[in-house]
Structure formats: structure tokens, C-alpha cells
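Only one structure is covered here, and it is reproduced in the block below.
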Amino acid sequence: MALRSVISRKTLGSLGLGFSHARGLQTFTLPDLPYDYSALEPAISVEIMRLHHQKHHQTYITNYNKALEQLEEAMAKGDSSAVVKLQAAIKFNGGGHINHSIFWKNLIPTSEGGGEPPHGALGWAIDTHFGSFEALVKKVNAEGAALQGSGWVWLGVDKESQKLVVETTANQDPLVTKGPNLVPLLGIDVWEHAYY
Amino acid sequence: MHGTAATASLSSAFLPFQGFRGSLDSTFRLQWRKPKKAHRTLITAQIELKPPPYSLNSLEPHMSREILEYHWGKHHRGYVENLNRQIVGTELDGMTLEDIIIASYNKGDFLPSFNNAAQVWNHEFFWESMKPGGGGKPSGDLLYLIERDFGSYEKFVEEFKSAALTQFGSGWAWLAYKANRLDVGNAVNPCPSEEDKKLVVVKSPNAVNPLVWDYSPLLTIDVWEHAYYLDYQNRRADYISVFMDKLVNWEAVSYRLEIAKSLAAGREREEERRRIEEDEDRMADSEAIEMYLDSESEDSETD
């Protein structure tokens with residue numbers, strides 16, 4: 001049940017067919033959950049975990065792979081308008097894959113410590129930047145509830161300033177779209193499919 | 001228009017397909033950018049939560065009672081209550097819902113009340129876009145324009161479904177009537193014709209709706225996940241197909257089209273009237289200048 005992210009490499013090499021260049025495109029597959037679908041009950045139901053992982057996350061991966069293939073073709077042909085047009089699909093589906101991959105790792109059954117407040121360096125940093133763990137929870141709740149439409153709430157760290165931040169992003173935009181120095185620590189999916 | 005809750009509910013009883021809120025008064029839309037300072041009553045006007053024009057179980061099995069209880073009873077209700085809380089005591093208080101939307105849109109730099117106001121409007125419009133035993137094909141003028149502007153009814157359905165499916169995240173897909181106007185303050189379309197007033201399919205994110213682009217919405221489908229998740233889970237495509245096949249209220253759409261066309265015609269007449277007035281003013285000014293010059297000029301040979 002260990003998490004493994006299987007990355008497959010598709011190469012159309014010169015299999016004796018005389019292609020002038022090897023084509024290597026990295027595509028992605030659905031990472032396994034580090035726990036059973038039912039392991040997060042009653043907080044998150046088995047039905048939602050299954051749908052969320054096998055349908056939503058898988059769809060992002062499928063469409064991300066498709067967009068990457070189309071991008072490769074467009075780049076090879078020098079088709080700039082196609083390249084630019086594909087950016088939205090890449091950001092959306094690639095972002096969806098990135099964000100959900102982080103999300104699964106952020107969760108753990110209560111039997112293994114899920115829900116316990118943070119200790120150590122993170123606990124200290126939270127107290128320093130937000131006053132207390134409760135204050136952080138309040139802030140994250142407020143930001144999440146205030147988000148209009150679909151998106152994510154993040155606890156992140158600014159690499160440069162070494163400060164913790166709470167941020168929101170729209171749709172499937174990864175945290176880095178809010179600042180190039182931001183690294184996600186915890187992401188909460190507030191798309192309706194995450195909790196409906 | 002929202003004066004008091006009482007009049008609003010009376011008018012909806014007589015005009016079940018009121019969808020695009022407004023009267024046939026062609027001057028209504030010309031005034032709607034200015035907050036209404038007249039007609040202020042002492043009672044603070046509250047935006048009301050209008051129920052769908054059918055019972056919550058009557059769209060089954062295509063749209064369940066359960067999802068409508070959440071969708072209307074929690075989501076739509078939440079937007080109404082939050083909006084009323086936001087506008088009470090402000091200059092938006094007492095304005096019509098459409099006026100609040102346009103004012104809060106603020107050219108894209110949304111004021112806080114925009115999301116709630118637009119979502120209230122969108123949901124009312126959505127309930128009225130559906131009916132029990134709906135679906136099938138449109139007819140009459142609406143069908144004629146669909147065939148003219150999309151090539152065929154099937155092509156329109158394809159485009160509408162595609163817009164609904166490809167709206168990333170939360171949002172809406174629309175059929176709208178667009179009266180092409182040049183976007184420059186004092187310019188008019190030099191060659192106005194029936195072809196300029198056309199049907200379009202558009203999609204919008206979150207709470208945005210075609211009112212902010214000055215289009216007349218005719219039909220909408222809600223593609224926020226809360227609109228279909230309990231019934232269809234992630235299968236948005238299935239939800240959209242069922243909506244088209246079993247739920248669309250084409251009579252409401254046709255009615256809205258008639259209103260949109262008469263508003264467009266009224267606006268054209270108004271602009272024509274204004275242009276003629278401006279031309280006459282300009283002519284009068286230039287005549288005055290000529291008279292002035294003649295009496296002053298010593299080289300005048302008008303004796």
C-alpha cells in the first residue's frame with residue numbers, strides 16, 4: 001500500500017524505421033492512495049473517496065496526458081497558436097493532477113494520527129506566524145468558506161521570506177500561481193465534489 | 001421589478017415565465033445603469049427567495065427532489081440571505097436585482113455583493129428554464145433563429161453541450177440573444193439588419209452571467225457541481241444530456257426571445273431618435289455660426 005507514483009515512458013524510437021528523431025513523452029498514471037478507500041470514515045465517506053480518486057483525479061490525468069500529447073505535436077509542427085491554446089487545458093488538468101496528488105498524502109486515518117495538532121518545527125512555526133493552531137484553523141476555515149466557486153485552500157511556506165502563509169487558488173491552479181516562492185504544505189480541496 | 005416582496009410575488013403569479021426579469025417597457029434597460037433614486041420606500045426592500053414554478057419532486061427522475069432541496073433550499077436560499085445582509089443600509093439597498101448585479105460587476109472588478117446577487121438571478125432563471133415534462137424541440141421563431149444562427153438544431157445542441165462540458169470549474173452555459181451594437185459611445189451600427197441580432201452560445205465562470213455583457217439570456221444550465229452531484233456524481237455529460245432531452249422549458253425560452261427582440265427594437269428606435277435630435281442640434285448650431293459670420297464679415301457679398 002506504499003505510495004507509488006508510476007510514471008511510464010513512451011518512446012517511439014527509431015525502431016529500425018528510419019525516424020529522424022526519437023520521441024519521448026512522459027505520461028502519468030493515477031497514484032495509489034496510501035490507505036483504503038474506507039480508512040477516512042466517518043470524516044470522508046468511502047463513496048466520495050472512490051469517486052474523487054478513481055473518477056475526478058483519473059480524469060485530470062487522462063486529459064493532462066492528452067493535452068501533453070497535443071502540445072508535443074503542436075510544438076513539433078511549430079504551431080504557435082495551438083501551443084498557446086493548449087495552456088488552459090494543461091494548467092487545469094495538470095494542476096488537478098498536482099493538487100490531488102498532494103491532497104491524498106495530506107490525509108491519514110485517525111488511527112494513524114489523523115487530526116492531531118502539529119508538533120515540532122511546524123507547530124512552532126504555526127504558533128509564531130498565526131498565534132496559535134486554533135487561529136490557523138479559524139483562518140483556513142474562513143478562507144475556504146469565502147472562496148466563490150471551485151478552488152483550493154493552502155497552508156504554504158514562502159521559501160524566500162521563510163514565512164507560513166494561508167492562500168486560496170481558483171479552480172485547479174497550483175499554489176505556485178500565487179507566488180513563485182510558495183511551497184504547498186497542506187491543501188484542502190473545496191470543490192463541491194470533495195464534500196458533496 | 002423589486003419594489004416590495006408583495007408586488008414581486010404577484011407579478012410572478014401572473015407571468016409564470018418571467019425568466020428575464022423586466023417589463024416590455026423599452027426604456028427599462030436604458031435606465032438600469034443609474035441607481036434608482038426615485039420610488040424609495042420607507043421599508044427596506046428585501047430580495048426574496050422565489051420558489052421554482054413547480055414542486056421540488058416534479059422533475060424526477062431527471063432531477064431529484066433531494067438535489068432540489070439542497071440546491072434551492074440551501075444554495076439559492078444562502079445567496080439570497082447573504083445578499084440581503086450585504087446590501088442593507090447601503091446604496092444598493094432598494095435597487096432592483098439587475099441593477100445590483102450591474103453595479104457590483106463594476107466592469108469586472110467585482111464588489112462583494114456581485115457573487116450573491118448574480119447567483120440569485122442565475123438560479124431563478126435556471127428554475128424557470130426547466131419544467132416537468134420538458135425537453136423536445138423548440139418551435140416557431142426560436143427554432144427559425146436557431147437554424148439560422150447555428151445551421152441546425154442539432155448543431156446548436158452540440159455547441160451548447162460542449163460549452164456546458166468545457167466550463168472549467170464552476171459556472172453556467174447560456175443561449176443568449178445578442179443585439180450587435182458598436183461599443184463606442186456615440187457610434188451606431190452603420191448597416192443594421194436582422195442578421196446583426198443573433199443567437200449565441202456562451203459560457204461563464206462562477207456567478208458571471210450575460211447581463212454584464214449586455215446580452216439577453218434565453219436559457220441556462222447550471223454546471224456548478226452542486227447542481228448535479230447527488231444525481232450524476234462526476235458524470236456532467238449525462239446531466240447535460242438529460243437536461244436537454246427532458247427538462248428544457250422551450251416555451252419560457254421563446255417568451256424570453258420575444259422580450260429580447262422587442263427590447264432590441266425599442267433600443268434601436270431610441271438611438272435613432274437620439275441621433276436625429278443630435279443632428280438637428282448640430283445643424284442649428286452651424287446655422288447660428290453662419291449667421292454670425294455674415295453680419296460680421298466685411299467681405300460679405302450677400303447684399
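Contact map, segment B:230-256: residues that are within 12 Å of another protein chain (Cβ to nearest Cβ) paired with residues that are at pLDDT 95 or above and in a loop (DSSP other than H, G, I, E, B), Cβ distance under 9 Å, separation 6+ or inter-chain. Pairs shown: B:Leu230/B:Ser64; B:Asp231/B:Pro61; B:Asp231/B:His62; B:Asp231/B:Met63; B:Asp231/B:Ser64; B:Arg235/B:Tyr228; B:Arg236/B:Val223; B:Arg236/B:Tyr228. Among the conditions (1) within 14 Å of chain B (Cβ to nearest Cβ); (2) in contact with a helix residue (DSSP H, G or I) (Cβ under 7 Å, 6 or more places away or on another chain), the only one that A:Phe133 does not satisfy is (1). One residue stands out in segment B:108-126 among those that are among the hydrophobic types (A, V, I, L, M, F, W, C), more than 14 Å from chain A (Cβ to nearest Cβ) and farther than 16 Å from B:Tyr70 by Cα: the one that is surrounded by the most Cβ atoms within 10 Å (Cβ to Cβ), namely B:Phe125. Please state which one of A:Ala125, A:Ala145, A:Ala88 is within 14 Å of another protein chain (Cβ to nearest Cβ) and either under 23 Å from A:Ile48 (Cβ atoms) or surrounded by 15 or more Cβ atoms within 10 Å (Cβ to Cβ) (or both). Among A:Ala125, A:Ala145, A:Ala88, only A:Ala145 is within 14 Å of another protein chain (Cβ to nearest Cβ) and either under 23 Å from A:Ile48 (Cβ atoms) or surrounded by 15 or more Cβ atoms within 10 Å (Cβ to Cβ) (or both). One residue stands out among those in segment B:219-240 that are charged (D, E, K, R) and buried (at least 22 other Cβ atoms within 10 Å of the Cβ): the one that is nearest to the chain's Cα centre (by Cα), which is B:Asp222. Taking helices (runs of 4 or more DSSP H) as the structural unit, those lying wholly within segment B:1-116 and holding at least 2 residues that are at pLDDT 90 or above correspond to B:65-70, B:77-87, B:97-105. The condition (being polar (S, T, N, Q), within 22 Å of the chain's Cα centre (by Cα) and within 14 Å of chain B (Cβ to nearest Cβ)) is satisfied by just one residue among A:Asn106, A:Asn93: A:Asn93.
Of all residue pairs spaced 6 or more apart or on separate chains, those with beta-carbon atoms under 7 Å, a first member in segment A:29-57 that is outside the structural domain of A:His97 (by the TED database) and under 15 Å from A:Lys105 (Cβ atoms) and a second member that is among the small types (Gly, Ala, Ser) and modelled with pLDDT of 95 or more are A:Pro31/A:Ser101. Go through segment B:129-151 and count every residue that is under 29 Å from A:Asn63 (Cβ atoms) and surrounded by fewer than 16 Cβ atoms within 10 Å (Cβ to Cβ). The number of residues fulfilling the criteria is 1. Among residues of segment B:203-215 that are within 14 Å of chain A (Cβ to nearest Cβ), those with a beta-carbon under 6 Å from a residue that is part of a helix (DSSP H, G or I) at least six positions away or on a different chain give the pairs B:Lys203/B:Ala163; B:Ala207/B:Asn115; B:Ala207/B:Ala118; B:Ala207/B:Gln119; B:Asn209/B:Ala118; B:Asn209/B:Asn122. Would you confirm whether any residue within segment A:150-159 is of a type in the set (A, V, I, L, M) and over 29 Å from A:Lys55 (Cα atoms)? There is at least one residue in segment A:150-159 that is of a type in the set (A, V, I, L, M) and over 29 Å from A:Lys55 (Cα atoms). For segment A:153-196, a residue qualifies if it is small (Gly, Ala, Ser), farther than 19 Å from A:Ile90 by Cβ and within 14 Å of chain B (Cβ to nearest Cβ), and exactly one does: A:Ala194.
Considering B:Asn186, B:Asn209, the condition of being among the polar types (S, T, N, Q), at pLDDT below 95 and within 28 Å of B:Gly266 (Cβ to Cβ) is satisfied by B:Asn186 alone.
For beta carbons closer than 9 Å, sequence separation of 6+ or different chains, a first residue in segment A:59-87 that is more than 19 Å from A:Gln172 (Cβ to Cβ) and a second that is charged (D, E, K, R) and in a helix (DSSP H, G or I), the qualifying pairs are A:Ala74/A:Lys85; A:Asp79/A:Glu73; A:Ala82/A:Glu73.
The values are calculated or read from the model by the stated rules, or taken from the named source; none is laboratory data. Here the structure is a predicted model, which is why all the values come from computation and not from measurement. Don't worry about glycine lacking a Cβ; one is built from the backbone with ideal geometry, like all the others, and counts go over all protein chains shown.
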